[in-house]
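Asks: Here it is, the structure in full.
The values are calculated or read from the model by the stated rules, or taken from the named source; none is laboratory data. Worth saying up front: this structure is predicted, and the values here are computed from it rather than measured. FYI the Cβ positions are ideal-geometry reconstructions off the backbone, even for glycines, and counts take in every protein chain you see.
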Amino acid sequence: MSPLRPIADLDTHEVINQPPPFEDVDLFATDRALADGVAKAGGAGHAARLGMIGRRSGSAEVIGWGVEANLHPPELDTHDRWGRRIDEVRFHPAYHRLMALGLEAGFASVAWDGTAAGQVAHAATLFLTGQPDAGTSCPMTMTYAAVPALATEPAVRDAWVPRILAARYDPAVRPATEKTGVTIGMAMTEKQGGSDVRANATRAEPVADAAGWYRLTGHKWFCSAPMCDAFLTLAYAPGGLTCFLLPRWLPDGARNAGFRVVRLKDKLGDRSNASSEVEYHGALAQRIGEEGRGVATIIRMVQHTRLDCVVGSASQMRAALAQALWHAAHRSAFQKRLIDQPAMAAVLADLAIESAAATALSLRIAQAFDDDDPLTRLLTPIAKYWVCKRAPGMVGEAMECHGGAGYVESGPMPRLFRQSPLNAIWEGSGNVIALDLLRGIAREPEGVAALRDWLAAARGRDTRYDRWEETIDFSVGEAGARLLAERLALACQAAVLLRWDDPLAEAFCALRLAPRGSAYGAFDGDVYTRAIIARATPA
């Protein structure tokens, strides 16, 4: 007999007690909070389409695209092989597949094409496609949100909006007139100004022989998605701060040579997406709206990108929860499945409540956008402040449910964790949003009345909510803005769950509107855990 034994005989152990991959799952049908919320928000007619998107987004193939797109981040080519300036961004093929999946599912178009409950359908599409990869949501969100800003200038609207509504992804580097679909980016922030866009130094000079066209000179510290076909941007024209659309290619088919990509940002997360610094060297751009009305024009876009920040964070929270539930359902310790351990069950139930409340509130805002409801003015910053701020802590807790396995890069949790702070920063960090809430309260009585009436209509269903709602004081100064935003957000989440007769409404009120420990799972888990976990766990 040979002394050389087969390799199999030398194995030290058998791999057991490991969860199977979380893939080939219908992310819509297995998410009761999402499916029920879409129906409550008026989007029941989209269930079949969202089911297709949910199955595709939860497939092993698409999940693999998300992994690959983040392992191989975009690269900038400033010049071609002959030394000509091109400023093109190269992506892994997986990125383009993810973009095609989202845009051709209606991510940027369904809200504007006349479809009933289009904003709810848009929000649910983002919620689903953002789970395999959140980075590609950024250019698709900006393309969606650009439509109301472009509508302020009829000639620009007529040229660009039909290409957005085409619901096609065309990555070709060529003039928009030759493409089946387009994407729109945004370049607002400058080094010296940050959130204070009125501190912009970029200047715009009218072109004498081309009505509506200007030459822009300046820089932008953050240009989101520099491979887009055009960018909404701000600059000071003779009449004041003005909004412009800067195309990559000019109407005559030539490159807009004055648009220069300086470098791509090396970011904590969001690595599949390209963010950049750009300079305008006399770049040509079309005016959007009147001179001096730049902020009023761009806010039409920002209001919708803030909605997507809320939806995106809720999507990340659901993705983290689903991974934690899946791991706990398939992993045992001390002779019991993790999900059956009382302490773990309490944590998972608490995370499920957090996720469900974020999902419901995001869909309720989308419904308000569909209805052109003044409620959107205050509800959007309230949710943007709170849901986006809660996401990193919740994703971190879901990571901890995995133990050490959650901390290694071969699994999904590190990427989810790195992504989770972004939406709290993008489109206004916490202080900016809380102060915007105060401005809305001071300047828009119609929005305040709508919010008060909406909160009051939820009274009488839970005494804890009633006590919470009646103590909210709208008359606070800047130092109290964050606390007001938090208290309003919790009231709004409770109001949605209560008014939609959500099965988790009672648990939410008990755990969020009454004294308790501050950590997830710091309650008597036996009261709620089994029903909550059963509702939240993917089949």
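Asks: Can you name every one of the strands (runs of 3 or more DSSP E) wholly within region 144-244 that holds 2 or more residues which are at pLDDT 95 or above and of a type in the set (K, R)?
Replies: Numbers: elements: 184-189, 203-206, 213-224, 230-237.
The strands (runs of 3 or more DSSP E) meeting that bar are 213-224.
Asks: Being of a type in the set (S, T, N, Q) and closer than 16 Å to S272 by Cα, is that true of even one residue in region 122-133? Talk me through it step by step, then tell me what you get.
Replies: Applying the first criterion (of a type in the set (S, T, N, Q)) to region 122-133 yields 125, 129, 131.
Adding the requirement that they be closer than 16 Å to S272 by Cα leaves 129, 131.
Yes, region 122-133 has at least one match.
Asks: Let me ask something else about it. Counting just the residues of region 264-317 that are of a type in the set (D, E, K, R) and under 20 Å from Y144 (Cβ atoms), which one comes out farthest from the chain's Cα centre (by Cα)? Even if it seems obvious, please write down each step before you answer.
Replies: We begin by selecting, within region 264-317, every residue of a type in the set (D, E, K, R); these are 265-267, 270-271, 277, 279, 287, 290-291, 293, 300, 306, 308.
Within this subset, residues satisfying the condition of being under 20 Å from Y144 (Cβ atoms) are 270, 300, 306, 308.
On the way: D270: 11, R300: 17, R306: 8, D308: 4 Å.
The qualifying residue farthest from the chain's Cα centre (by Cα) is R300.
Asks: A further question on this structure: Can A172 be described as over 20 Å from I288 (Cα atoms) and without any contact (Cβ under 8 Å) to a residue 60 or more places away in the chain? Quick ask: steps written out before the conclusion?
Replies: Numbers: over 20 Å from I288 (Cα atoms): yes; without any contact (Cβ under 8 Å) to a residue 60 or more places away in the chain: yes.
Taking the combined requirement at face value, the residue satisfies it.
Asks: Applying the selection to region 56-76, what residues are touching a residue at least 40 places away in the same chain (Cβ under 8 Å), outside any helix (DSSP H, G or I) and crowded, with 16+ Cβ neighbours inside 10 Å?
Replies: Once the filter is applied, which keeps residues that are touching a residue at least 40 places away in the same chain (Cβ under 8 Å), outside any helix (DSSP H, G or I) and crowded, with 16+ Cβ neighbours inside 10 Å, region 56-76 yields G58, P73, P74, L76.
Asks: Please count how many residues of region 9-35 are in contact with a Ser or Thr (Cβ under 9 Å, 6 or more places away or on another chain), touching a residue at least 60 places away in the same chain (Cβ under 8 Å) and not hydrophobic (A, V, I, L, M, F, W, C).
Replies: 3
Asks: Still on this structure: Could you go through region 249-270 and let me know if any residue there is out of contact with any strand residue (DSSP E or B) (no Cβ under 6 Å at 6 or more places or on another chain), on the phi > 0 side of the Ramachandran plot, modelled with pLDDT of 95 or more and crowded, with 21+ Cβ neighbours inside 10 Å.
Replies: Within region 249-270 (the criterion being out of contact with any strand residue (DSSP E or B) (no Cβ under 6 Å at 6 or more places or on another chain), on the phi > 0 side of the Ramachandran plot, modelled with pLDDT of 95 or more and crowded, with 21+ Cβ neighbours inside 10 Å), the answer is yes, since at least one residue qualifies.
Asks: While we're looking at this one, here's another question. Checking D502 against (1) in a loop (DSSP other than H, G, I, E, B); (2) farther than 26 Å from Q367 by Cα, which test does it fail?
Replies: (2)
Asks: How many residues are part of a loop (DSSP other than H, G, I, E, B) and under 14 Å from A314 (Cβ atoms) when one looks only at region 390-423? Even if it seems obvious, please write down each step before you answer.
Replies: Taking region 390-423 as the starting set, the residues that turn out to be part of a loop (DSSP other than H, G, I, E, B) are 401-402, 408-412, 420-421.
Narrowing the set further to residues that are under 14 Å from A314 (Cβ atoms) leaves 420.
Looking only at that region, the number is 1.
Asks: Looking only at region 44-55, filter to residues that are among the small types (G, A, S) and out of contact with any Leu (no Cβ under 8 Å at 6 or more places or on another chain); which one of those is surrounded by the fewest Cβ atoms within 10 Å (Cβ to Cβ)? Let's see the steps before the verdict.
Replies: Residues of region 44-55 among the small types (G, A, S): 44-45, 47-48, 51, 54.
Narrowing further to those that are out of contact with any Leu (no Cβ under 8 Å at 6 or more places or on another chain): 44-45, 47-48, 51.
On the way: A44: 14, G45: 14, A47: 15, A48: 8, G51: 16.
Ranking the candidates gives A48 first.
Asks: Then there is this: Determine if region 361-369 includes at least one residue that is within 26 Å of G447 (Cβ to Cβ), not hydrophobic (A, V, I, L, M, F, W, C) and not in a helix (DSSP H, G or I). Break it down into steps so the answer makes sense when it comes.
Replies: Step one: filter region 361-369 for residues within 26 Å of G447 (Cβ to Cβ), giving 361-369.
So of that shortlist, the ones also not hydrophobic (A, V, I, L, M, F, W, C) come out as 362, 364, 367.
Retained after the next criterion (residues that are not in a helix (DSSP H, G or I)): none.
Checking region 361-369: not a single residue is within 26 Å of G447 (Cβ to Cβ), not hydrophobic (A, V, I, L, M, F, W, C) and not in a helix (DSSP H, G or I).
Asks: Here's something else I'd like to know. Checking F334 against (1) aromatic (F, W, Y); (2) out of contact with any Leu (no Cβ under 8 Å at 6 or more places or on another chain); (3) within 13 Å of V311 (Cα to Cα): exactly one of these is not met. Which one?
Replies: (3)
Asks: Restricting attention to region 77-101, which residues are assigned to a helix (DSSP H, G or I) and polar (S, T, N, Q)?
Replies: Start the filter on region 77-101 by keeping residues that are assigned to a helix (DSSP H, G or I), which leaves 93-101.
Residues satisfying the conditions do not exist here.
Asks: Restricting attention to region 104-119, does a residue exist that is modelled with pLDDT of 95 or more, surrounded by fewer than 17 Cβ atoms within 10 Å (Cβ to Cβ), under 25 Å from V89 (Cβ atoms) and under 19 Å from the mean Cα position of the chain (by Cα)?
Replies: Yes; the residues of region 104-119 include at least one that is modelled with pLDDT of 95 or more, surrounded by fewer than 17 Cβ atoms within 10 Å (Cβ to Cβ), under 25 Å from V89 (Cβ atoms) and under 19 Å from the mean Cα position of the chain (by Cα).
Asks: Looking at this structure, is G253 assigned to a loop (DSSP other than H, G, I, E, B), over 22 Å from P148 (Cβ atoms) and touching a helix residue (DSSP H, G or I) at 6+ places or on another chain (Cβ under 6 Å)?
Replies: Working: assigned to a loop (DSSP other than H, G, I, E, B): yes; over 22 Å from P148 (Cβ atoms): yes; touching a helix residue (DSSP H, G or I) at 6+ places or on another chain (Cβ under 6 Å): no.
Criteria not met by G253.
Per-residue answers, yes or no, for (1) over 26 Å from G58 (Cβ atoms); (2) of a type in the set (S, T, Y); (3) in contact with a helix residue (DSSP H, G or I) (Cβ under 9 Å, 6 or more places away or on another chain):
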{"residue": "S275", "(1), (2), (3)": "yes, yes, yes"}
{"residue": "H281", "(1), (2), (3)": "yes, no, no"}
{"residue": "Q286", "(1), (2), (3)": "yes, no, yes"}
{"residue": "V311", "(1), (2), (3)": "no, no, yes"}
{"residue": "Q316", "(1), (2), (3)": "no, no, yes"}
{"residue": "F334", "(1), (2), (3)": "yes, no, no"}
{"residue": "Q341", "(1), (2), (3)": "yes, no, yes"}
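Asks: Would you confirm, using the coordinates I've provided, whether A60 is under 12 Å from L98 (Cα atoms) and in contact with an Asp or Glu (Cβ under 6 Å, 6 or more places away or on another chain)?
Replies: Values: under 12 Å from L98 (Cα atoms): no; in contact with an Asp or Glu (Cβ under 6 Å, 6 or more places away or on another chain): yes.
No.
Asks: Which residues, counting only those in region 62-88, are more than 13 Å from G135 (Cβ to Cβ) and either of a type in the set (V, I, T) or within 21 Å of the chain's Cα centre (by Cα) (or both)? It would help to see each step written out before you state the result.
Replies: Initial filter on region 62-88 (more than 13 Å from G135 (Cβ to Cβ)): 62-64, 75-88.
Answer for region 62-88, where residues must be more than 13 Å from G135 (Cβ to Cβ) and either of a type in the set (V, I, T) or within 21 Å of the chain's Cα centre (by Cα) (or both): V62, I63, G64, T78, I86.
Asks: Please go through region 271-311 and pick out each residue that is free of Cβ contacts under 8 Å to residues at least 24 places away in the same chain and among the β-branched types (V, I, T).
Replies: Taking region 271-311 as the starting set, the residues that turn out to be free of Cβ contacts under 8 Å to residues at least 24 places away in the same chain are 296, 299.
I299 - this is the single residue of region 271-311 that is free of Cβ contacts under 8 Å to residues at least 24 places away in the same chain and among the β-branched types (V, I, T).
Asks: For the subset of region 143-153 comprising residues that are farther than 11 Å from G212 by Cβ and not polar (S, T, N, Q), which member is farthest from the chain's Cα centre (by Cα)?
Replies: Our first condition is that a residue be farther than 11 Å from G212 by Cβ; within region 143-153, this holds for 143-152.
Then drop every residue that is not not polar (S, T, N, Q), which leaves 144-151.
Details: Y144: 12, A145: 12, A146: 15, V147: 17, P148: 18, A149: 19, L150: 21, A151: 23 Å.
The selected residue is A151.
Asks: Where the second residue is among the β-branched types (V, I, T) and the first is on the phi > 0 side of the Ramachandran plot and lies in region 209-225, which pairs have Cβ atoms under 8 Å and are six or more apart or on separate chains?
Replies: Note: pairs meeting the criteria are G218/T202; A225/T183.
Asks: So, in region 271-303, exactly how many residues are surrounded by 17 or more Cβ atoms within 10 Å (Cβ to Cβ) and either assigned to a strand (DSSP E or B) or hydroxyl-bearing (S, T, Y) (or both)?
Replies: Residues that pass the stated criteria total 14.
Asks: Something else: Within the group A489, A495, which residue is at pLDDT 95 or above and either more than 10 Å from A357 (Cβ to Cβ) or not in a helix (DSSP H, G or I) (or both)? So that I can check it myself, show each step before the final result.
Replies: Values: A489 fails: either more than 10 Å from A357 (Cβ to Cβ) or not in a helix (DSSP H, G or I) (or both).
That would be A495, the only listed residue that is at pLDDT 95 or above and either more than 10 Å from A357 (Cβ to Cβ) or not in a helix (DSSP H, G or I) (or both).
Asks: Determine the pairs where a residue that is at pLDDT below 95, located within region 88-99, has a partner that is in a helix (DSSP H, G or I) and β-branched (V, I, T) with Cβ atoms under 7 Å apart, the partner being 6 or more residues away or on another chain.
Replies: none
Asks: Here's another thing I want to ask about it. Just one of L438, L416, L422 is surrounded by fewer than 21 Cβ atoms within 10 Å (Cβ to Cβ), among the hydrophobic types (A, V, I, L, M, F, W, C), out of contact with any strand residue (DSSP E or B) (no Cβ under 8 Å at 6 or more places or on another chain) and touching a residue at least 40 places away in the same chain (Cβ under 8 Å); which is it?
Replies: Working: L416 fails: surrounded by fewer than 21 Cβ atoms within 10 Å (Cβ to Cβ); L422 fails: surrounded by fewer than 21 Cβ atoms within 10 Å (Cβ to Cβ).
Just one listed residue meets the conditions, L438.
Asks: For the condition under 22 Å from A398 (Cβ atoms), under 18 Å from the mean Cα position of the chain (by Cα) and not in a loop (DSSP other than H, G, I, E, B), what is the one hit in A320, A346?
Replies: Result: A320 is the single residue among A320, A346 that is under 22 Å from A398 (Cβ atoms), under 18 Å from the mean Cα position of the chain (by Cα) and not in a loop (DSSP other than H, G, I, E, B).
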